[in-house]
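See below for the structure under consideration.
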Amino acid sequence: MIPKIIHYSWFSGDKYPEDIERYICRWKELLPGYEFVLWDMARLEKEIDSDFVKEAISQRKWAFAADYTRLFAINKYGGIWFDTDVELFKNIDDLLDCDCFIGKESWVNNDGFVYLTSHFMGAVKGHQFIKESLDYYNDRHFIVGTNSDGKPIMDQTMISQMQSEIALKYGLDRREKSKDKAQILTNGVKIYPSYCFCRPLYTSMKKVYAIHRVAGAWRDKEINPKSMTDPKKLTFRVIVWRMLHLIGLK
């Protein structure tokens, strides 16, 4: 049974934007009886000693520092991780009766595969899948060199990609046609369809736990999170993408 602990992070020390503040308040309304653990700089410095995290923080790449932090937190304490741009729609008690859960993202990446929802996942303390994901960062650096201008070259491998590759050995099907299908993998890893935690199609809103509003803390430029996740707009984009894919233009 996964403990009722919600882990989340905010490293910059800046005031929460209005939308993030609203999302966090809504979590607490929908999840009475849960413990909410904020991983800020004070907690980070107290508990985590990682070159990867320190280097990501030095470049203000908060999302990459959070990638290690989420795995560390769940591995050590158990619980659920929410990115702060996760908008929650209902209680999640029914997700807890397993050893580990994570969902599939709702889009296909450039390599032709669907990745996992590292922004919304949970596990019991010390679960093998989480520990193996955390071990990926052993002896790994975020800054891997400098370019001709003397600027740092950064390893910006997405955790969602890394975890999907690790999950292959557990039996994950990451093909596009599988993204809206649940799976039970080995070692008690439960995989939810993409519409549960990511970007649901308009017709599937009743089954939605959360929408990932994709604030994009790893990007150099800001994006409009509503334009990325509005269900009606997403439905239209999916239809267009599939049409282009069928005629060989995508």
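What to note about this one:
- Of the criteria (1) assigned to a loop (DSSP other than H, G, I, E, B); (2) of a type in the set (D, E, K, R); (3) under 23 Å from W27 (Cα atoms), which one D139 fails: (3)
- Single match in C98, C196 (criterion: touching a strand residue (DSSP E or B) at 6+ places or on another chain (Cβ under 6 Å) and part of a helix (DSSP H, G or I)): C196
- In summary, T117 fulfils each of the numbered conditions (1) farther than 21 Å from Y23 by Cβ; (2) touching a Cys at 6+ places or on another chain (Cβ under 8 Å); (3) in a strand (DSSP E or B) with the single exception of condition (1).
- Given (1) farther than 17 Å from P193 by Cβ; (2) at pLDDT below 95, number of the condition I130 does not satisfy: (2)
- Any hit, region 4-14, residues being assigned to a helix (DSSP H, G or I), among the aliphatic types (A, V, I, L, M) and under 18 Å from the mean Cα position of the chain (by Cα): no
- Scanning region 82-91 finds no residues that are of a type in the set (S, T, N, Q), more than 21 Å from N187 (Cα to Cα) and at pLDDT below 95.
- I57 surrounded by 15 or more Cβ atoms within 10 Å (Cβ to Cβ) and assigned to a strand (DSSP E or B): no
- Scanning region 15-47 for residues that are in contact with a strand residue (DSSP E or B) (Cβ under 9 Å, 6 or more places away or on another chain) and assigned to a loop (DSSP other than H, G, I, E, B) gives L31, Y34, D40.
- One residue from S148, S178, S164 being of a type outside the set (D, E), surrounded by 13 or more Cβ atoms within 10 Å (Cβ to Cβ), at pLDDT below 95 and out of contact with any Cys (no Cβ under 7 Å at 6 or more places or on another chain): S178
- Selected residue (criterion: nearest to R26 (Cα to Cα)) from residues of region 60-92 that are of a type in the set (D, E, K, R) and part of a helix (DSSP H, G or I): R70
- Some residue of region 111-124 being of a type in the set (V, I, T) and under 14 Å from the mean Cα position of the chain (by Cα): yes
- Within region 93-104, the set of residues being in contact with a helix residue (DSSP H, G or I) (Cβ under 8 Å, 6 or more places away or on another chain) and surrounded by fewer than 23 Cβ atoms within 10 Å (Cβ to Cβ) comprises C98, D99, C100.
The values are calculated or read from the model by the stated rules, or taken from the named source; none is laboratory data. None of these values were measured; they are calculated from a predicted model. Using ideal geometry, Cβ is built from the backbone for each residue, glycine included, and neighbour counts are taken over all protein chains shown.
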